[in-house]
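Colleague: Structure incoming, see below.
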Amino acid sequence: MAPIEKIKDTNSAAGRIILVTSFFSIAYAVLRYHVLGPIPWKDFPFFILNKGIALTGFILLILNFSLGPLKTIGGPVPSSYLNSRKSIGMTGFLLVLIHVLMSFLMFRPTVYSQFFLIDGTLTLNGGLSMLGGVLAFVTLWAYNLSFQTFLREDTKFIQFITSRRFMLGAMLFTLIHLFFMGYKGWLDPSSWHGGLPPISLVSFILFLIGYVINLLGRK
Ligand code: HEM
């Protein structure tokens, strides 16, 4: 009789997680800006979709970083979720790349007046927010590179980039991106379309939850 082997659980929930996250993120952007807000539907394919894509990518990255630490502190994380981490991390990174390209194409005072002064230069908050975004993006890229085979032999580099210190520090760039972009609007709920909080605030709160989970559970 053949020996009974322990079957490794390789079931992954990645497809489901990506679909559900995309649906809710894009639906939130549509509801807040088109249905309850004043943005015309012609702006859906680029301006509003960019917001939905940024939120989807961002949530997938938070899940990628936080599911392991959440399991460590005793959270109810099924193995199909743990198995999905690589796919959702890669998808999150690619969606953020799309967000970066779309933002570059639209980045001018007529579209993002909140980041610019009348003379066309960046405000201090706009500059800080964009600096945070660029640094967050490059750090994510470096993290992704660490999984490439040609770098895997450089164990010191891998150890540094996947270390608790690097990860917790790198995550703060995203915090800067979101905070300086939106805090003025966060403090004025009367300006929230339909009473729904801005996407930057929703992202900020999700970030804080993920960050605390990482502080407690990342070794
Ligand atoms: C070169 C890097 C980046 C640039 C130039 C950039 C640019 C922008 C801009 C212009 C906005 C405002 C969008 C709007 O109000 O419609 C924005 C929002 C946002 N970005 Fe980035 N970003 C960058 C990197 C990142 C990274 C790395 C992440 C996530 C890890 C990210 C996540 C977000 C999120 C969640 C929002 C909120 C969307 C909203 O409130 O509408 N961004 N970004």
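Values quoted throughout were computed directly from the atomic coordinates according to the rules given, and no laboratory measurement underlies them. Model, not experiment: these values are computed from the prediction. We place every Cβ from the backbone using ideal geometry, glycine too, and count neighbours over all the protein chains shown.
Colleague: Quick one: grab the alpha carbon gyration tensor of the range 43-99, order the square roots of its eigenvalues as a ≥ b ≥ c, and give me rounded if a/c is under 1.5, else prolate or oblate depending on whether a/b is larger than b/c.
Modeller: prolate
Colleague: In debye, nearest 20: dipole of the chain around its Cα centre with unit charges on the Cβ of K, R (+) and D, E (-)?
Modeller: Dipole magnitude for the chain comes out near 480 debye.
Colleague: Continuing with the same structure: Label the range 167-219 by shape, choosing from rounded, prolate and oblate, from the square roots a ≥ b ≥ c of the eigenvalues of the Cα gyration tensor; if a/c is under 1.5 it is rounded, and otherwise prolate applies when a/b is larger than b/c, oblate when it is not.
Modeller: prolate
Colleague: Next up: Check which residues have an amide H placed less than 5 Å from residue 116's amide H, if you skip close sequence neighbours.
Modeller: Under 5 Å from the amide H of residue 116: 123.
Colleague: Now a separate question. Compute the long axis of helix 199-217 from its Cα atoms, compare it with the longest principal axis of the Cα atoms of the chain, and write down the angle in degrees, 0 to 90, nearest 10.
Modeller: Tilt of helix 199-217: around 30 degrees.
Colleague: In degrees, nearest 10, range 0 to 90: what is the angle between the Cα axis of helix 124-145 and the longest Cα principal axis of the chain?
Modeller: It works out to around 20 degrees.
Colleague: Sorted by packing (mean other beta-carbon atoms within 10 Å per residue), highest first, where do 188-194, 33-39 land?
Modeller: Sorting 188-194, 33-39 by mean packing, highest first, produces 33-39, 188-194.
Colleague: Something else about it: Rg/Rh for the range 9-109 to two decimals, with Rh computed the Kirkwood way over all alpha-carbon pairs.
Modeller: 1.07
Colleague: Taking every eigenvalue of the Cα gyration tensor of the chain, multiplying by 5 and rooting it, what semi-axes result, largest first, whole Å?
Modeller: Here the semi-axes work out to 34, 21, 16 Å.
Colleague: Please give the FRET efficiency for residue 135 paired with residue 108, using the beta carbon to beta carbon distance and R0 = 25 Å, rounded to the nearest 0.05.
Modeller: After rounding to 0.05, the efficiency reads 0.70.
Colleague: Sort the following peptides by mean Cβ neighbour count (other Cβ atoms within 10 Å, averaged over residues), highest first: 104-110, 17-23.
Modeller: Going from most to least packed, we get 17-23, 104-110.
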